[in-house]
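J.: Sending over a structure as structure tokens; questions will come in a sec.
The values are calculated or read from the model by the stated rules, or taken from the named source; none is laboratory data. All values derive from a computational prediction rather than experimental measurement. Don't worry about glycine lacking a Cβ; one is built from the backbone with ideal geometry, like all the others, and counts go over all protein chains shown. Only protein heavy atoms, including side chains, enter the accessible area calculation; ligands, DNA and RNA are left aside. Shrake-Rupley method; radii C 1.70, N 1.55, O 1.52, S 1.80 Å.
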Amino acid sequence: MCMRIKDHIILGPERAANMVWITVDGKELMAKEGEPVLASLLAENIIVNRYTVKRKEPRGLFCGIGQCTDCAMIVDGKPNVRTCITPVRQGMVIKTQHGVGEGGGKNGE
Amino acid sequence: MVNKEIVVVGAGPAGLAAAIEAAKAGGEVLVADLNILPGGQLFKQIHKFFGSSAHRSGTRGIEIGRQLLAEAEKYGVEIWLNSAVIGLYDDRVVSIEKGLNSGEKELINIKAEKIILATGASENVVRFKGWTLPGVMGAGAAQTMINVNRVKPGNKVVMLGSGNVGLIVSYQLMQAGCDVVALVEAAPNIGGYGVHASKIRRAGVPVYTRHTIIEAKGTDRVKEVIIAELDDSWQPIAGTEKVLEADVVTLAAGLKPISDLARLHDLEMVYNGVFGGWVPKHDENMESTQSGIYVAGDTTGVEEANTALEEGRLAGIAAAESLGYIAEKDAKERKDDTWKRLDGLRMGPFGEKRMYAKNEILACFPARS
């Protein structure tokens, strides 16, 4: 299900954007260049960004403005990237983060 | 090390207004902001603002944002986006991580003559069983998604909190095509303005006052929300639970000032309940207890975009004045006018207590050595 808002009573129709391909957990998705990675995922109804270190609980969008780190994922091999303030670029490879992510110590992947 | 006359932290209404005033007077201004887009929270305010015509009432926040950006560009304000200020050091050295999260990230130290902190506020959290489940989020987070990024965080929303943020965001979620299945408020009455509440009631949103959320249930995202009625001591009454089907819970329980940088640099702070928490002490120039470091907007106490704008103007004028760009007499007139407009914004049943709170903060400012 696409969660994008096509038409809006105040904001008008969705503005044309340059669409690019990104890879999310091995699956290719179309995204708008420059939008937050988090928004591209929400558009595809993907809401879990990471699982916590100890209890392996799911986390997702919470503050949306770079303050809380709940939306951290592995982006282009780098763990703990806040997806709400990271703009989409062509060919980005995004992975759900488990614990502190790859190379992050004993609780990582 | 790079030299800049004025470094502003935060490109929201306070930071941009400060930058514009200082640059207009002739100052060299750099604004650093963590986010992808400038404007702070203005671009998600798609409703019309209140206030007098001097405050552009009837104008949508998004329009005010566009005007500020145009002015900033006109006066040559430099804006670094995706750039986090990660430290302040002695002699006004600002450490900026420029190009955050990109391969080209670099750490730049800037020696500033003046620093203006306009770091805004963050949303308060409400804890209940399941509050960490994906789908539970700040009302402002949902608002950013629908109005700035134009994606819905889900389809069926339970809003907790009926202050202006709760009311306005509920309405905007409906404008975005979401179904608001309940507005839940612990107090006996709706908290925000009647004009916003009426829109929600007219749209038929069920309003549960004297209720709270007991639990959000689901495995990898919210599926159900359990609410219950509260007794006179705010405790849930057994047997009154209702199960609502929803995939989003939005929390609108107020905001608190973001004051990490101020604390990090040992600016003197004071607690103020009306303003949402600890705020840096400041004088009528918005200058903190450390000379040359100014503060403005929600970081000095949570209010609204218009007050942030005016406080930013004060800081910008004062910083430009102390650098010699504005003559004392001219600066005084402009600051007096700005304070008058601020007083106008801090009137009435909702605004008055903020006027008292601000006066308390000004009154506790220690004599500068």
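J.: Report, by residue number, each residue of the range B:317-369 that is touching a helix residue (DSSP H, G or I) at 6+ places or on another chain (Cβ under 8 Å), closer than 30 Å to B:Val195 by Cα and hydrophobic (A, V, I, L, M, F, W, C).
T.: B:Trp339, B:Leu342, B:Leu345, B:Met347, B:Met355
J.: With free of Cβ contacts under 8 Å to residues at least 60 places away in the same chain, touching a Lys or Arg at 6+ places or on another chain (Cβ under 7 Å) and among the small types (Gly, Ala, Ser) as the only criterion, which of B:Gly277, B:Gly204 stands out? Break it down into steps so the answer makes sense when it comes.
T.: Values: B:Gly204 fails: touching a Lys or Arg at 6+ places or on another chain (Cβ under 7 Å).
Checking each option against the conditions leaves just B:Gly277.
J.: State whether the residues of the range B:353-364 include one that is surrounded by fewer than 16 Cβ atoms within 10 Å (Cβ to Cβ), touching a residue at least 60 places away in the same chain (Cβ under 8 Å) and basic (Lys, Arg).
T.: yes
J.: Identify all residues within the range A:20-29 that are at negative phi and open to solvent by less than 80 Å² (accessible area, probe 1.4 Å); write none if there are none.
T.: A:Val20, A:Ile22, A:Thr23, A:Val24, A:Leu29
J.: When the residues of the range B:96-134 are filtered to those that are in contact with a Gly (Cβ under 6 Å, 6 or more places away or on another chain) and within 14 Å of another protein chain (Cβ to nearest Cβ), which remaining residue is nearest to B:Lys217 (Cα to Cα)?
T.: B:Leu133
J.: Now for a separate question. Somewhere in the range B:156-172, is a residue crowded, with 24+ Cβ neighbours inside 10 Å, assigned to a loop (DSSP other than H, G, I, E, B) and within 13 Å of chain A (Cβ to nearest Cβ)?
T.: Taking every residue of the range B:156-172 in turn, none turns out to be crowded, with 24+ Cβ neighbours inside 10 Å, assigned to a loop (DSSP other than H, G, I, E, B) and within 13 Å of chain A (Cβ to nearest Cβ).
J.: Residues of the range B:261-307 being open to solvent by less than 50 Å² (accessible area, probe 1.4 Å), under 19 Å from B:Gly351 (Cα atoms) and not in a helix (DSSP H, G or I), which ones? Let's see the steps before the verdict.
T.: Pass one, the range B:261-307, residues open to solvent by less than 50 Å² (accessible area, probe 1.4 Å): B:261-262, B:265, B:267, B:269-270, B:272, B:275-277, B:279-283, B:285-289, B:292-303, B:305-307.
Checking which are under 19 Å from B:Gly351 (Cα atoms) leaves us with B:272, B:275-277, B:279, B:296-303, B:305-307.
Answer for the range B:261-307, where residues must be open to solvent by less than 50 Å² (accessible area, probe 1.4 Å), under 19 Å from B:Gly351 (Cα atoms) and not in a helix (DSSP H, G or I): B:Asn272, B:Phe275, B:Gly276, B:Gly277, B:Val279, B:Ala296, B:Gly301, B:Val302, B:Glu303.
J.: Filter the range B:204-219 down to the residues that are part of a loop (DSSP other than H, G, I, E, B) and within 13 Å of chain A (Cβ to nearest Cβ), then identify the one that is most open to solvent (accessible area, probe 1.4 Å). Show your work before the answer.
T.: First, the residues of the range B:204-219 that are part of a loop (DSSP other than H, G, I, E, B): B:204-206, B:210, B:218-219.
Of the ones still in play, those that are also within 13 Å of chain A (Cβ to nearest Cβ) are B:218-219.
Working: B:Gly218: 38, B:Thr219: 116 Å².
Per the criteria, the residue is B:Thr219.
J.: Restricting the range B:240-249 to residues that are out of contact with any helix residue (DSSP H, G or I) (no Cβ under 8 Å at 6 or more places or on another chain) and either closer than 18 Å to B:Arg92 by Cα or of a type in the set (Val, Ile, Thr) (or both), which is least open to solvent (accessible area, probe 1.4 Å)? Show your work before the answer.
T.: Within the range B:240-249, the first condition is being out of contact with any helix residue (DSSP H, G or I) (no Cβ under 8 Å at 6 or more places or on another chain), and the residues that meet it are B:240-247, B:249.
Within this subset, residues satisfying the condition of being either closer than 18 Å to B:Arg92 by Cα or of a type in the set (Val, Ile, Thr) (or both) are B:240, B:243, B:249.
Numbers: B:Thr240: 31, B:Val243: 94, B:Val249: 0 Å².
My answer is B:Val249.
J.: Filter the range A:1-26 down to the residues that are more than 10 Å from every other protein chain (Cβ to nearest Cβ) and either in contact with a helix residue (DSSP H, G or I) (Cβ under 8 Å, 6 or more places away or on another chain) or touching a residue at least 24 places away in the same chain (Cβ under 8 Å) (or both) and list them by number.
T.: Scanning the range A:1-26 gives A:Val20, A:Trp21, A:Ile22, A:Thr23, A:Val24, A:Asp25.
J.: Here are the criteria: (1) of a type outside the set (Lys, Arg); (2) open to solvent by 70 Å² or more (accessible area, probe 1.4 Å); (3) within 14 Å of chain A (Cβ to nearest Cβ). Tell me which single one B:Ala252 does not satisfy.
T.: It fails just one condition, (2).
J.: Does A:Glu35 meet the test of being closer than 28 Å to B:Glu123 by Cα and modelled with pLDDT of 95 or more?
T.: yes
J.: Now a separate question. I'd like the residue in the range B:308-325 that is assigned to a helix (DSSP H, G or I) and of a type outside the set (Gly, Ala, Ser) and, out of all such residues, is surrounded by the most Cβ atoms within 10 Å (Cβ to Cβ).
T.: Here is the first cut: in the range B:308-325, the residues assigned to a helix (DSSP H, G or I) are B:308-322.
Narrowing further to those that are of a type outside the set (Gly, Ala, Ser): B:309-311, B:313-314, B:317, B:321.
Details: B:Leu309: 28, B:Glu310: 27, B:Glu311: 30, B:Arg313: 25, B:Leu314: 26, B:Ile317: 28, B:Glu321: 21.
Residue satisfying both the conditions and the ranking: B:Glu311.
J.: Name the single residue, out of those in the range B:326-352 being open to solvent by 50 Å² or more (accessible area, probe 1.4 Å) and hydrophobic (A, V, I, L, M, F, W, C), that is farthest from the chain's Cα centre (by Cα).
T.: Only one residue tops the list, namely B:Ala327.
J.: Just give me the residues in the range B:57-86 being on the phi > 0 side of the Ramachandran plot and surrounded by 14 or more Cβ atoms within 10 Å (Cβ to Cβ), in sequence order.
T.: Across the range B:57-86, the qualifying residue is only B:Asn82.
J.: What's the number of the only condition in (1) closer than 30 Å to B:Ala318 by Cα; (2) at pLDDT 95 or above; (3) under 23 Å from the mean Cα position of the chain (by Cα) that B:Lys74 fails to meet?
T.: Going through (1) closer than 30 Å to B:Ala318 by Cα; (2) at pLDDT 95 or above; (3) under 23 Å from the mean Cα position of the chain (by Cα) one by one, B:Lys74 breaks only (3).
J.: Inside the range B:119-146, can you point out the residues that are open to solvent by 10 Å² or more (accessible area, probe 1.4 Å) and part of a loop (DSSP other than H, G, I, E, B)?
T.: Selection gives B:Thr119, B:Gly120, B:Asn124, B:Val125, B:Val126, B:Arg127, B:Phe128, B:Gly130, B:Trp131, B:Thr132, B:Leu133.
J.: So, one more: Say we look at the range B:173-200 and pick out the residues that are more than 20 Å from B:Val248 (Cα to Cα), of a type outside the set (Ser, Thr, Tyr) and part of a helix (DSSP H, G or I); which of these is farthest from the other protein chains (Cβ to nearest Cβ)?
T.: Restricting to residues being more than 20 Å from B:Val248 (Cα to Cα), of a type outside the set (Ser, Thr, Tyr) and part of a helix (DSSP H, G or I), the top hit is B:Gly194.
J.: With respect to B:Glu360, is the statement that it is within 18 Å of B:Pro13 (Cα to Cα) and of a type in the set (D, E, K, R) true?
T.: Answer is no for this residue.
J.: Among the listed residues A:Arg50, A:Arg4, which satisfies the condition of being closer than 20 Å to B:Asp247 by Cα and surrounded by fewer than 18 Cβ atoms within 10 Å (Cβ to Cβ)?
T.: Residue meeting the stated conditions: A:Arg4.
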